[in-house]
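A quick write-up on the structure given underneath.
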Amino acid sequence: MNGGGQFLNYYGFNFFGSYNFESISTSLTRGGPKLIIPPNYSFGIEAYSDSRENIIITPSAEYYRSQTGSYQFDLGMQIEWKPSSQISFALEPEYSYNFTKYQWVGNFADQYAVKSYNTRYVFADLYQKTLSATIRLNWIFTPTLSLQLYVQPLLAVGNYEKFKEILNPPSIDAKEYGGEGSQISYDKESMEYTVDPDEGGPAEAFSFDNPDFNFKSLRGNLVLRWEALPGSVFYFAWTNSRMNFENPGEFNLKNDFGNLIRAESDNVFLVKFSYWI
């Protein structure tokens, strides 16, 4: 269901809502058996100010929840500023918080995992925070000379907890490691988890790397366009990109931003000229 409306002052809003019935996923186990996906629902709303004004503001919010306990909410804001007919500047920050009850970690062969086709399908709870923004600048100096700027910072941090295995696919019933006759331990030096699925039984222990992550990136490009002759265009472009992965699982905006700024960057300069014969 979706809809919207606009007032006489040209302010308006849009909204949506959805409900998904129980379904089947053939990809959740990454090549393993299909799993039942319980019902879930989502809804969201977006408002906007008068598009004829010099400053246009568009806030938005969305929410999702599943019967498994998974949920996600997103908050966004788009601000567009047009100080003149030649210049437009847009800023679009967005924050997302996501809790996933069944996030895939890995598949591990085990002849004693009979009910799950001789493979242990390991999942975990994932707490993920994502902060991003899109920045755009369009500046038309003359009908033949213009400048465009695009910048996109991104910070995504994920923390995995409560590792578990699927017991009886296609059901999503799971056994959390550390209980029900199983053990799990973590080695800080090697950053590995070791699991004994039957605590001294015939099944062999297995290990996997800590899947926590802290991905930071900054990408941007600057393009100068000059139409030297009718149909003949000169371009000068600069692209900058950098990434950083320090402090996985930890969300600290000040430290993360500092690590990203100090990260090595790739710079690409491109000059192009097209001549219309």
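For region 210-227, the candidate set comprises residues that are in contact with a strand residue (DSSP E or B) (Cβ under 6 Å, 6 or more places away or on another chain) and either modelled with pLDDT under 95 or closer than 19 Å to Lys164 by Cβ (or both); within that set, the residue that is surrounded by the most Cβ atoms within 10 Å (Cβ to Cβ) is Pro211. From the list Phe206, Phe215, the one residue that fits, being aromatic (Phe, Trp, Tyr), touching a residue at least 24 places away in the same chain (Cβ under 8 Å) and farther than 19 Å from Glu176 by Cα, is Phe215. Against the conditions (1) modelled with pLDDT of 95 or more; (2) part of a loop (DSSP other than H, G, I, E, B); (3) over 24 Å from Trp81 (Cβ atoms); (4) open to solvent by 40 Å² or more (accessible area, probe 1.4 Å), Thr29 satisfies every one except (4).
Against the conditions (1) out of contact with any Gly (no Cβ under 8 Å at 6 or more places or on another chain); (2) crowded, with 16+ Cβ neighbours inside 10 Å, Asn14 satisfies every one except (1).
Cβ-Cβ contacts under 8 Å between residues 6 or more apart (or on different chains), taken from a first residue in region 40-54 that is within 30 Å of Ser66 (Cα to Cα) to a second residue that is open to solvent by 70 Å² or more (accessible area, probe 1.4 Å) and polar (S, T, N, Q), are listed as Asn40/Asn20; Asn40/Gln67; Tyr41/Asn20. Within region 20-34, residues that are farther than 18 Å from Lys101 by Cβ have Cβ atoms under 9 Å from residues that are of a type in the set (D, E, K, R) in these pairs: Thr26/Lys34, counting only partners at least 6 apart in sequence or on another chain. With the condition kept exactly as written, say whether any residue in region 243-262 is over 26 Å from Tyr95 (Cα atoms) and at pLDDT 95 or above. The answer is no, given that none of the residues of region 243-262 is over 26 Å from Tyr95 (Cα atoms) and at pLDDT 95 or above.
From the list Phe257, Phe245, Phe251, which residue is aromatic (Phe, Trp, Tyr) and open to solvent by less than 90 Å² (accessible area, probe 1.4 Å)? None of the other options fit; the residue is Phe251. Entry remark, region 228-242: residues being of a type outside the set (Lys, Arg) and either open to solvent by less than 50 Å² (accessible area, probe 1.4 Å) or within 20 Å of the chain's Cα centre (by Cα) (or both) number 7 in total. Please state which one of Val233, Val195, Val271 is closer than 27 Å to Trp104 by Cβ and among the hydrophobic types (A, V, I, L, M, F, W, C). That would be Val195, the only listed residue that is closer than 27 Å to Trp104 by Cβ and among the hydrophobic types (A, V, I, L, M, F, W, C). Just the residues that are open to solvent by 60 Å² or more (accessible area, probe 1.4 Å) and assigned to a loop (DSSP other than H, G, I, E, B), please, taken from region 48-70. Passing the criteria: Ser51, Arg52, Glu53, Asn54, Gln67.
Could you list, in sequence order, the residues of region 172-190 that are of a type in the set (Ser, Thr, Tyr) and open to solvent by 30 Å² or more (accessible area, probe 1.4 Å)? Selection gives Ser185, Tyr186, Ser190.
Results for (1) charged (D, E, K, R); (2) in a strand (DSSP E or B); (3) open to solvent by 30 Å² or more (accessible area, probe 1.4 Å), shown as yes or no for each residue.
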| residue | (1), (2), (3) |
| --- | --- |
| Ser96 | no, yes, no |
| Asn107 | no, yes, yes |
| Lys115 | yes, no, yes |
| Val122 | no, yes, no |
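Could you please give the count of residues in region 128-171 that are open to solvent by less than 50 Å² (accessible area, probe 1.4 Å), farther than 23 Å from Leu222 by Cα and outside any loop (DSSP other than H, G, I, E, B)? Residues in region 128-171 being open to solvent by less than 50 Å² (accessible area, probe 1.4 Å), farther than 23 Å from Leu222 by Cα and outside any loop (DSSP other than H, G, I, E, B): 11 in total.
For region 8-26, give me each residue that is closer than 30 Å to Ala124 by Cα, assigned to a loop (DSSP other than H, G, I, E, B) and not hydrophobic (A, V, I, L, M, F, W, C). Listed by number, the residues that qualify are Glu22, Thr26.
The values are calculated or read from the model by the stated rules, or taken from the named source; none is laboratory data. This one's a predicted model, so the numbers in the text were calculated from it and none came from an experiment. Here the Cβ is made from the backbone with ideal geometry for all residues, glycine too, and neighbour counts use every protein chain on show. When the accessible area is computed, the model is the full protein with side chains, heavy atoms only, and any ligands, DNA or RNA have been set aside. Shrake-Rupley method; radii C 1.70, N 1.55, O 1.52, S 1.80 Å.
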